[in-house]
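What follows is a single structure, written as structure tokens, with notes after it.
A short reminder: the numbers here are calculations on the coordinates, not readings from a lab. Keep in mind it's a predicted model, so treat the numbers as computed, not measured. In this analysis, Cβ positions are derived from the backbone assuming ideal geometry, glycine residues included, and neighbour counts consider all displayed protein chains.
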Amino acid sequence: MAEKEKIFNNGFNGILGNTHSMVLTALLLAAALVLSIIENMLPPLPIAVPGVKFGLSNIAVMYALFFLGYRKAYIIAVLKGLFAAVTRGVIAGVLSLFGGIISVTVMVLLLFIFRERISYLIVSVFGAISHNIGQFIVIILIFEGMNMWAYFPILLISGLIAGIITSTLLKLILPAFKRLI
């Protein structure tokens, strides 16, 4: 079975067993949370839109999606959103949750439609852009009446850059992640 086809099965449960799969998912969640904390400690990017980040914690979500299956990726994305709500407030949590769910959904759809004909880079870029679009939708709903559309192109460009960065970093640390299995 090709690596990307693992996304649509039940993850590694049949191969590695439930316990190993659960432990690996927990390790990926922990990695995502640590990366999120580290990224929040970095100085803000010099961009006109506040809160724009590289999305380093999404490396763990993408790994889960590519190698453990979409269910594990959704679990990590949802738990990351809950972590953001607890540590940074309800609005940050809702933004993270909605962006994460939209992002994983778009990546799953791309992988389902294109299977082996799509690169991790393209999946990552579309995931990052859709994450920003999901967050933008929430912001528009929260700050009703404010014209936020001027920020939309910046969010698209930052999503493109974040997708390239996270895909590149995933490729660099993939050998270390593969040793976990």
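Structure notes:
- Working from Cα pairs under 8 Å separated by at least six residues, relative contact order for the chain is 22 percent.
- Pair L110, L42: separation of 7 Å Cα→Cβ label points (nm): 2.0
- Prolate/oblate/rounded call for the chain, Cα gyration tensor, a/c under 1.5 rounded: prolate
- For the chain, the longest principal axis of the Cα atoms and the long axis of helix 120-142 meet at an angle of about 40 degrees.
- Label-to-label distance for F152 and L174 is 3.5 nm, based on points extended 7 Å past Cα in the beta-carbon direction.
- Degrees separating the helix 90-114 axis from the principal Cα axis of the chain, which is the longest one: 50
- Angle of helix 18-41 to the longest C-alpha principal axis of the chain, folded into 0 to 90 degrees and rounded to 10: 30°.
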